[in-house]
């Protein structure tokens, strides 16, 4: 499901109390991927709705991404409040990714991590066999290449507070358990996967963790332990299956950053995901579509 397509389809019915608006207002930074919005009307409409009566959110969108004819339409959009964004870029790694990561640097006076870099990625759902037939990069190949993006971001901005997040397609036939042994982002102890393999991020009940959040050790020190989780907005807002699918076919994954002055706790090697509690402030979220 393409979130942008559904926004366009139901644009007149969206209100500030609609599930989409509620989800956006829940967070301080929200990433929405695969937005089909060539003239930016959908994005503007969403911003108008969530800021109605109390302007607070701004957004930054990538240049059009995606293969072939979809490239002119599909983008990633990051909405945020209480944060300031700096440099960003997305097309540098066109030769490695079908949808190059849209990299953005943020700063905040309200979190322990004053500056950090977000690297959103939506990998192509492609097995090794499919990639060989199509002469393209597989899902595993794109995930392996992500470590190069992290290294470049660290070098360019002299900052190792880095979070990689998005629809990794890191499950099922695209990425099998044995494949993780060949993915540096997983094997390197300097990276921490905050969404476990056994978490279901889909609406279908497939028990597949396609959507992930990965942080460097420095960034992990600024994360609230056990805060990473999947936000089941179907249960939270009492939606039917049809109403839920009208929003997205994946649930958002989320994590909370420490507030400034929070007592330091020693993070685990892999922060366990948060139990079903719903806090409303200083959350970073990836909304996979």
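A short reminder: the numbers here are calculations on the coordinates, not readings from a lab. Since the model is a prediction, treat every value here as computed from it, not as a measurement. Cβ placement follows ideal geometry from the backbone for every residue including glycine, while neighbour counts extend to all protein chains displayed.
Applying 1/(1 + (r/R0)^6) with r as the Cβ-Cβ distance of residue 156 and residue 189 and R0 = 22 angstrom yields a FRET efficiency of 0.40. Note on residue 58 and residue 237: the model spin-label points, each 7 Å out from Cα along the C-beta direction, lie 2.7 nm apart.
Shape analysis of region 88-214 based on the Cα gyration tensor places the equivalent ellipsoid semi-axes at 25, 18, 13 Å, largest first. Set the Cα radius of gyration of region 93-155 against 2.2 N^0.38 Å, with N its number of residues, and you get 1.38. For residue 134 and residue 198, the difference between the fully extended length at 0.36 nm per residue and the C-alpha to C-alpha distance is 20.0 nm. Distance between the 7 Å Cα→Cβ label points at residue 180 and residue 109: 4.1 nm.
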